[in-house]
Amino acid sequence: MSDVLTPAELTLLGLLVERPRHGYQLEEVIAERGIREWTEIGFSSIYYLIGKLRDRGLVAEVDGSARRQAKARKVFAATAAGRAACAAAAADAVAALVPMFPPVLVGLANQPVIPPARLHAALAARADALTERIAAVRAAAETQRGAPPFVGALFDYSLALLGAEQAWLADYRTALSAKD
């Protein structure tokens, strides 16, 4: 099996490196930190991904003797190999500049076929969506006060990207309006 971790696997492994958790606790952290905004990880895939990480020896179930009830949730923690793999994959992810394929670029590349009024409406809708997304990310960031600094960095990075797009979009709309 490949040593490469998918973004979803690396995300879960990182959360288990932080501390042992069961699937529902992982889901709570994913929701609280807005992780689905930057990686594809569904609630239904959490245990599947944990199984893949377990099969690779990167996580293991915490001593099951602590579970007193048959329906108690299985808690998983990163193994030493998991910690090492997480550190290496996370460093690689930080260093790698990976091309992105945002649909907005495809739309802009086909801009000549869009009637001007429709283009202006589409750009206005994007501007509104950016404003809403920025507000949502700021609100989510506010709920994370007291979280480790790296959690704040995730929100700061997202806000910086959204802000850069918002500034670009405002300039572009102004330039288009000047040509009309």
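Which of the residues belonging to the stretch 139-180 are more than 25 Å from L105 (Cβ to Cβ), over 15 Å from the mean Cα position of the chain (by Cα) and either assigned to a helix (DSSP H, G or I) or among the aliphatic types (A, V, I, L, M) (or both)?
Matches in the stretch 139-180: A139, E142, A147, P149.
Which pairs have Cβ atoms under 6 Å, sit 6 or more apart or on different chains, and link a residue in the stretch 82-100 that is in contact (Cβ under 8 Å) with a residue 40 or more places away in the chain to one that is assigned to a helix (DSSP H, G or I)?
G82/L13; R83/V17; C86/L13; C86/G14; C86/V17; A89/L10
Might you let me know whether the stretch 123-136 holds any residue that is assigned to a strand (DSSP E or B), modelled with pLDDT of 95 or more and either closer than 29 Å to W168 by Cβ or in contact with a helix residue (DSSP H, G or I) (Cβ under 9 Å, 6 or more places away or on another chain) (or both)? Show your work before the answer.
Applying the first criterion (assigned to a strand (DSSP E or B)) to the stretch 123-136 yields none.
Scanning the stretch 123-136, I find no residue that is assigned to a strand (DSSP E or B), modelled with pLDDT of 95 or more and either closer than 29 Å to W168 by Cβ or in contact with a helix residue (DSSP H, G or I) (Cβ under 9 Å, 6 or more places away or on another chain) (or both), so the answer is no.
Answer with yes or no whether V98 is under 30 Å from V62 (Cα atoms) and β-branched (V, I, T).
Numbers: under 30 Å from V62 (Cα atoms): no; β-branched (V, I, T): yes.
The answer is no for V98.
Could you tell me which residue of the stretch 50-70 is surrounded by the fewest Cβ atoms within 10 Å (Cβ to Cβ), considering only residues that are of a type in the set (D, E, K, R) and modelled with pLDDT under 90? Steps first, please.
Just the residues of the stretch 50-70 that are of a type in the set (D, E, K, R), to begin with: 52, 54-56, 61, 63, 67-68.
Subset that is modelled with pLDDT under 90: 63, 67-68.
On the way: D63: 9, R67: 15, R68: 6.
Only one residue fits best here, namely R68.
Name the residue that is farthest from the chain's Cα centre (by Cα), counting only residues in the stretch 1-55 that are among the small types (G, A, S) and assigned to a helix (DSSP H, G or I). Can you show your working first?
If we filter the stretch 1-55 for residues that are among the small types (G, A, S), which is where we start, we get 2, 8, 14, 23, 31, 34, 42, 44-45, 51.
Next, from what is left, pick out any that are assigned to a helix (DSSP H, G or I): 8, 14, 23, 31, 44-45, 51.
On the way: A8: 9, G14: 13, G23: 17, A31: 10, S44: 16, S45: 15, G51: 21 Å.
Checking each candidate, the answer is G51.
The values are calculated or read from the model by the stated rules, or taken from the named source; none is laboratory data. Note that this is a predicted model, so its numbers are computed, not measured. Note that we place each Cβ from the backbone using ideal geometry, even for glycine, and neighbour counts take in every protein chain shown.
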